[in-house]
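Chemist: Structure incoming, see below.
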Amino acid sequence: MFSAVSEKKKIAVVPGDGIGKEVIAAALQVVEASQAPVEFTEFDWSADRYLKDGVTIPVNGFVMLERDFDAVLVGALGDPRVPSNIHAKEILLGMRFQMDLYANVRPVKLLDASLCPLKGVQPADVNFTVVRENTEGLYCDVGGTFKQGTEDEVAVQEDVNTRKGVERVIRYAFDYARNHGRKKVLMSDKSNVMTHGHGLWQRVFKLVAAEHPEIQAAHMYVDALCLQMVRDPRQFEVIVTNNMFGDIVTDLAAALQGGLGMAASGNIHPAKTSMFEPVHGSAPPLAGKNLANPIGAISTSAMMLAHLGLDSYAEKIDAAVLEAVRQKKITSDVGGSLGTKESAEWIANQVAKK
């Protein structure tokens with residue numbers, strides 16, 4: 001028989017920069033209140049570390065994460081003291097690319113009608129998930145400049161789309177729909193203009209959709225998708241799209257649920273150690289002021305627990321977050337009057353009661 005300690009899931013924690021440190025502390029407090037069988041190990045990968053000794057990621061850092069941990073929880077990265085944000089790029093994008101976390105999964109769920117800027121919209125009207133391709137596209141940093149600094153300067157940025165990368169994220173979206181009781185998958189691209197790269201998305205989507213006749217497959221150009229997300233979010237269940245478009249439409253989607261402070265996400269490879277992070281950035285002007293909304297990070301931690309098979313603990317946390325929103329035990333950006341610490345403490349207490 002294994003000991004209680006050996007049965008715990010091992011979680012690497014990277015609080016990062018700015019408000020990341022505050023919201024991750026809040027999330028850990030809530031997870032600990034749930035008594036989930038997890039063990040946290042914190043890493044100081046951040047702007048502070050980079051400015052101290054020039055290290056962004058230690059040698060074999062990503063190998064260590066995959067080998068020694070079941071999941072990674074990240075706060076936010078970015079600091080004006082590092083204008084190039086090289087540490088953020090090497091840590092965050094490094095995890096996504098080096099650990100091959102190809103599906104960025106962002107649930108969009110409205111918890112209370114008061115949080116949505118659209119008139120007449122109820123919680124049941126905003127409940128969908130965006131699956132964003134996470135390791136290709138314009139984020140591969142393929143390209144260059146010619147005659148830089150002159151009037152004839154040319155800048156080229158390549159949009160990388162491979163059959164393997166496109167197919168696996170589309171398959172993930174259909175599998176996600178099936179596993180979560182969803183009946184619709186919509187693919188969004190700009191294939192009327194990007195005929196080569198997004199033509200590949202069109203062909204692969206049709207092939208994979210044909211294997212899932214029980215799921216309604218549809219397509220929208222990304223500009224039409226943005227319009228329809230605002231006009232009628234009820235029509236969406238699962239959206240799959242490329243890296244750049246996914247980045248853009250999920251910020252729009254976050255507004256439908258109350259802002260970036262409410263938004264959770266996971267960077268997933270089903271067969272490997274995955275990484276979870278709230279959608280928002282490091283927000284340096286808010287750092288250290290006890291103003292940051294902790295719900296995105298807390299909901300992200302619940303998403304992580306569910307991914308690890310700890311569904312009952314995740315459900316306790318989600319229920320407590322919902323109750324906090326209903327009772328306005330939340331921060332000022334979403335209509336409450338509590339600080340980061342006080343809101344987290346209230347949610348943790350609710351979790352402990354459950």
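The values are calculated or read from the model by the stated rules, or taken from the named source; none is laboratory data. This is a predicted model, so every value here is computed, not measured. Cβ atoms come from the backbone with ideal geometry, glycine included; neighbour counts cover every protein chain shown. Heads up: the accessible areas ignore ligands, DNA and RNA and are worked out on the full protein's heavy atoms, side chains in. Shrake-Rupley method; radii C 1.70, N 1.55, O 1.52, S 1.80 Å.
Chemist: Where residues in region 171-202 are open to solvent by 10 Å² or more (accessible area, probe 1.4 Å) and polar (S, T, N, Q), which of them is nearest to Pro270 (Cα to Cα)?
Modeler: So, considering only residues that are open to solvent by 10 Å² or more (accessible area, probe 1.4 Å) and polar (S, T, N, Q), the one nearest to Pro270 (Cα to Cα) is Asn179.
Chemist: Next question. Within region 211-232, work out how many residues are outside any strand (DSSP E or B) and within 17 Å of Ala177 (Cα to Cα). Step through it out loud before you land on a result.
Modeler: Filtering region 211-232 down to residues outside any strand (DSSP E or B) leaves 211-215, 222-232.
Pick out the ones that are also within 17 Å of Ala177 (Cα to Cα) and you get 211-215.
Number of matching residues: 5.
Chemist: Can you tell me which residue is farthest from Ser114 (Cα to Cα) among those in region 303-316 that are open to solvent by 10 Å² or more (accessible area, probe 1.4 Å) and aliphatic (A, V, I, L, M)?
Modeler: Taking region 303-316 and keeping what is open to solvent by 10 Å² or more (accessible area, probe 1.4 Å), we get 303, 306-313, 315-316.
Filter again for aliphatic (A, V, I, L, M), leaving 303, 306, 308, 310.
Working: Met303: 24, Ala306: 27, Leu308: 32, Leu310: 30 Å.
Checked region 303-316; the qualifying residue farthest from Ser114 (Cα to Cα) is Leu308.
So that you can scan it fast, the table gives a plain yes or no per residue for (1) without any contact (Cβ under 8 Å) to a residue 60 or more places away in the chain; (2) loosely packed, with under 14 Cβ neighbours inside 10 Å; (3) closer than 23 Å to Ala76 by Cα; (4) among the hydrophobic types (A, V, I, L, M, F, W, C):
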{"residue": "Ser301", "(1), (2), (3), (4)": "no, no, yes, no"}
{"residue": "Asp318", "(1), (2), (3), (4)": "yes, no, yes, no"}
{"residue": "Val321", "(1), (2), (3), (4)": "no, no, yes, yes"}
{"residue": "Gln327", "(1), (2), (3), (4)": "yes, yes, no, no"}
{"residue": "Ile330", "(1), (2), (3), (4)": "yes, no, yes, yes"}
{"residue": "Ser337", "(1), (2), (3), (4)": "yes, yes, no, no"}
{"residue": "Thr340", "(1), (2), (3), (4)": "no, no, yes, no"}
{"residue": "Glu345", "(1), (2), (3), (4)": "no, no, yes, no"}
{"residue": "Gln350", "(1), (2), (3), (4)": "yes, no, no, no"}
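Chemist: Oh, and also: The conditions are (1) touching a strand residue (DSSP E or B) at 6+ places or on another chain (Cβ under 8 Å); (2) crowded, with 23+ Cβ neighbours inside 10 Å, and Thr135 fails exactly one of them. Which is it?
Modeler: All conditions are met except number (1).
Chemist: Would a scan of region 115-126 turn up a residue that is buried (at least 21 other Cβ atoms within 10 Å of the Cβ) and within 22 Å of Glu277 (Cα to Cα)? Reasoning before the result, please.
Modeler: Step one: of region 115-126, the residues buried (at least 21 other Cβ atoms within 10 Å of the Cβ) are 115, 126.
With the extra rule that they be within 22 Å of Glu277 (Cα to Cα), the set shrinks to 115, 126.
Yes: region 115-126 contains one or more residues that are buried (at least 21 other Cβ atoms within 10 Å of the Cβ) and within 22 Å of Glu277 (Cα to Cα).
Chemist: Here's a follow-up. Would you please list the contacts, defined by Cβ atoms under 8 Å and residues six or more apart or on different chains, that run from a residue in region 117-144 that is over 19 Å from Gly259 (Cβ atoms) to a residue that is open to solvent by 50 Å² or more (accessible area, probe 1.4 Å) and in a loop (DSSP other than H, G, I, E, B)?
Modeler: Filtered contacts from region 117-144: Glu136/Thr162; Leu138/Glu158; Cys140/Glu158; Val142/Glu158; Gly143/Glu158.
Chemist: Looking only at strands (runs of 3 or more DSSP E) that fall completely inside region 106-176, which ones have 2 or more residues that are under 20 Å from Gln202 (Cβ atoms)?
Modeler: Values: elements: 127-133, 143-146, 154-157.
Fully inside region 106-176 and qualifying: 127-133.
Chemist: Determine the pairs where a residue that is open to solvent by 10 Å² or more (accessible area, probe 1.4 Å), located within region 272-298, has a partner that is of a type in the set (Lys, Arg) with Cβ atoms under 7 Å apart, the partner being 6 or more residues away or on another chain.
Modeler: From region 272-298, the pairs are Val279/Arg106; Asn290/Lys341.
Chemist: Keeping to region 185-210, report how many residues are touching a helix residue (DSSP H, G or I) at 6+ places or on another chain (Cβ under 7 Å) and not in a helix (DSSP H, G or I). Don't jump to the end; show me each part of the working.
Modeler: Pass one, region 185-210, residues touching a helix residue (DSSP H, G or I) at 6+ places or on another chain (Cβ under 7 Å): 185, 187-191, 200-201, 204-205, 208.
Remaining after also requiring not in a helix (DSSP H, G or I): 185, 187-191.
Here the count works out to 6.
Chemist: A further question on this structure: I need every pair where a residue in region 193-204 that is aromatic (Phe, Trp, Tyr) and modelled with pLDDT of 95 or more has its Cβ under 6 Å from the Cβ of a residue that is surrounded by 14 or more Cβ atoms within 10 Å (Cβ to Cβ) and part of a helix (DSSP H, G or I), sequence separation at least 6 or different chains.
Modeler: Pairs that qualify, where the first residue is aromatic (Phe, Trp, Tyr) and modelled with pLDDT of 95 or more and the partner is surrounded by 14 or more Cβ atoms within 10 Å (Cβ to Cβ) and part of a helix (DSSP H, G or I), are Trp201/Val166.
Chemist: Do we have any residue at all in region 151-170 that's open to solvent by 80 Å² or more (accessible area, probe 1.4 Å), under 28 Å from Gln98 (Cβ atoms), of a type outside the set (A, V, I, L, M) and touching a residue at least 40 places away in the same chain (Cβ under 8 Å)?
Modeler: yes
Chemist: Failed condition for Val63, given (1) within 14 Å of the chain's Cα centre (by Cα); (2) open to solvent by 30 Å² or more (accessible area, probe 1.4 Å); (3) at pLDDT 95 or above; (4) over 25 Å from Leu256 (Cβ atoms), with all others met?
Modeler: (1)
Chemist: So, one more: Identify, from the list Met220, Met229, Met262, the residue that is open to solvent by less than 40 Å² (accessible area, probe 1.4 Å) and under 14 Å from the mean Cα position of the chain (by Cα).
Modeler: Met262
Chemist: In region 21-60, how many are assigned to a helix (DSSP H, G or I) and closer than 21 Å to Gln350 by Cβ? Before the answer, list the steps.
Modeler: Here is the first cut: in region 21-60, the ones assigned to a helix (DSSP H, G or I) are 21-34, 47-53.
Then drop every residue that is not closer than 21 Å to Gln350 by Cβ, which leaves 22-34.
So the answer is 13.
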